[in-house]
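Read the structure below first, then the notes.
Coordinate-derived values only; no laboratory data. The shown structure was predicted, so the numbers you read here are calculated from the model rather than taken from an experiment. Note that we place each Cβ from the backbone using ideal geometry, even for glycine, and neighbour counts take in every protein chain shown.
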Amino acid sequence: MKEPQWLAAVALLPVGLLLTACKANEAAPPAAPPPHVAARFQAELGALDALQFLVGTWRREDGELWHQEVWSEPRGGRMVGHAHLVRGARSVFTEALAIRSMGGVVVYVATPEDEPTTLFPAAELRSGYARFEAPEHDFPQVIEYRLTEDGALVVRLAGDDGPAEPETQHGHGDHDHAPTRREVEMRFERAPQRP
């Protein structure tokens, strides 16, 4: 029995619609993002440009202490780094680092070995200087990077280092005191480039 012509036409209708939709999509260029989205994206990518001064390998040595921090070029909206501290022949501290744009905010991401990650939003960024803060963190609450005129990198860590030791006055009981304020400043020299 021969199928009616209209049935064959109806059966081919979905294929024709699909081909028409595909042709329409090929012809139309992708829609540009709204201007505010494009501007924000460009601002996020450009935000890391001020941190270009960190790029490279930085070292400091003091007796048995060897400390290195390495930062990559800003690519894809982030910089990747790591820190490594060795005392004598023993590695005593390693930390995975990143600086990235998250929701329009530049954030320093620190993940010490065997410790949880802490986010430090940028408080100030300019050429040769960066300050990140996380007031709720134990220590540090502030991380600063500053490039000196002679090309060294000074890293300053600051914050409260937990409660102070209880003080005993005249042998009469303990008194609680505010946390101890602590600051650590380290001077790194740029490591020579290997040939």
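Just one of (1) loosely packed, with under 15 Cβ neighbours inside 10 Å; (2) free of Cβ contacts under 8 Å to residues at least 40 places away in the same chain; (3) more than 12 Å from the chain's Cα centre (by Cα) fails for residue 104. It is (2). Does at least one position in the stretch 149-163 carry a residue that is among the hydrophobic types (A, V, I, L, M, F, W, C), exposed (fewer than 15 other Cβ atoms within 10 Å of the Cβ) and assigned to a strand (DSSP E or B)? Yes; the residues of the stretch 149-163 include at least one that is among the hydrophobic types (A, V, I, L, M, F, W, C), exposed (fewer than 15 other Cβ atoms within 10 Å of the Cβ) and assigned to a strand (DSSP E or B).
This table checks each residue for (1) surrounded by 15 or more Cβ atoms within 10 Å (Cβ to Cβ); (2) in a strand (DSSP E or B); (3) touching a residue at least 60 places away in the same chain (Cβ under 8 Å).
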position: 50; (1), (2), (3): yes, no, yes
position: 60; (1), (2), (3): yes, yes, yes
position: 83; (1), (2), (3): yes, yes, no
position: 86; (1), (2), (3): yes, yes, no
position: 95; (1), (2), (3): yes, yes, no
position: 100; (1), (2), (3): yes, yes, no
position: 110; (1), (2), (3): yes, yes, no
position: 114; (1), (2), (3): no, no, no
position: 125; (1), (2), (3): yes, yes, yes
